[in-house]
Each structure stands twice: as structure tokens, then as C-alpha cells.
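The structure under discussion appears below in the form of C-alpha cells.
The values are calculated or read from the model by the stated rules, or taken from the named source; none is laboratory data. The structure displayed is predicted, hence computed values, not measured ones. Cβ placement follows ideal geometry from the backbone for every residue including glycine, while neighbour counts extend to all protein chains displayed.
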Amino acid sequence: MTQETLFDIAPVFAVTFDKDPATFAPDYTLVFHALMKRNPGKGYGYYCLTSNRTGRTKRADNFALAEGKAITNNRAAYLALAHALSKLLELIQRGGDGPENFTVEIGGCVQFIIRQLKDEMGVSEHLNDVHEQCLRLMGRFKAVNPIWLPKEQIYENLGLGNENNSRA
């Protein structure tokens, strides 16, 4: 596995991406999603964490984002990811290890957010804070690999059924 630090966001952290995603063997797989009542509106987050070492899976769904305030769907997606990354960090630390020893594949269905996380696309000013929050959390791991997944695969991983049968 070859790794490359693509960019430094601040002196306190850097995100390391795997240079060859085809051979990336992550310790954890994290799938995230957010659903909205309307846009902007109340957002609800969903995630699924899978340990690829043990096969154990943890799901969380329908948790309120931004304390019920009206937010955009893109902010909701970033907040769902930040929440999921925080939960993964907690699980690892509870197990007595450090995140710097683990690799994570992050799957989401919003292509431009995945591209922003990989520094392939600029970030709108109103999303800078949540984008940087996610990068700080991602930077704590040994390496990450953000990937785009089709919405149908996201719904399957999260146990949501189809897109027309959402629980938001």
C-alpha cells in the first residue's frame, strides 16, 4: 500500500489518502447518508460502520442533525459524516487502540462531497466549517479512502429500503 499526503489543511492535521484505491484494504468501512424533510430543512443522519477485521457492524439511523435547525442537504451530509467518524474514533479508543493504526474507507452518494474530501474540488464558503471538521477527523486515521457509492448501495448498506421509502 502506498500512501501520499495530498494536502495540509492546518498545522494541526493532514489527511493521508491511499494512492492505489484498487489495492486498499481498509480496517473499517464507513457508509454515511443524510435525508431531509425539505431542502433546506431538518436533516437526519444515517451511518453504518463495519470492522473488516471482525465483520461486526454498527448502524445508527435517524439521528437529528444541527439540533433540528433548518440546514441544507449538503451540510446535513457533512454533519452525518462527522458524527459517524466521531463514533468510529470512540469505538477504537474504547478498544484501547489509537486511530492512527487504522485505515478507513468512507462511502457516500454525494459525488461532489466525496470529491471535496479528496481535494479534487473546491468547497463553498458556507460548508468550510463542516468540511474542515470532517478533514480533522479523517486526519486522525492512518489512511482514508473516500469513495462514491450509488444511492441504491447506500440504502442497502443502511437498511433503508429504496429511496422512495425513506424514514426521514
Taking segment 29-41 on its own, how many of its residues are touching a strand residue (DSSP E or B) at 6+ places or on another chain (Cβ under 7 Å) and either in contact (Cβ under 8 Å) with a residue 40 or more places away in the chain or under 11 Å from Leu81 (Cβ atoms) (or both)? 8
Any residue in segment 150-166 that's surrounded by fewer than 13 Cβ atoms within 10 Å (Cβ to Cβ): show its pairings with residues that are at pLDDT below 90 at Cβ separation under 8 Å, as long as the two are six or more apart or on different chains. Glu152/Asn162; Glu152/Glu163; Gly159/Asp61
Of the residues in segment 32-76 that are modelled with pLDDT of 90 or more and aromatic (Phe, Trp, Tyr), the one that is surrounded by the fewest Cβ atoms within 10 Å (Cβ to Cβ) is Tyr44
Residue in segment 116-140 that is surrounded by the fewest Cβ atoms within 10 Å (Cβ to Cβ), counting only those that are assigned to a helix (DSSP H, G or I) and free of Cβ contacts under 8 Å to residues at least 24 places away in the same chain: Glu125
List every residue pair whose Cβ atoms sit under 8 Å apart, with the two residues 6 or more apart in sequence or on different chains, where the first one lies in segment 90-107 and is closer than 15 Å to Lys58 by Cβ and the second, anywhere, is in a strand (DSSP E or B) and among the small types (Gly, Ala, Ser). Val104/Ala143
Please work out which one of (1) surrounded by 15 or more Cβ atoms within 10 Å (Cβ to Cβ); (2) modelled with pLDDT of 95 or more is the condition Glu100 fails and give its number. (1)
Out of Ile147, Ile92, Ile106, which single residue is farther than 17 Å from Met36 by Cβ and in contact with a helix residue (DSSP H, G or I) (Cβ under 6 Å, 6 or more places away or on another chain)? Ile92
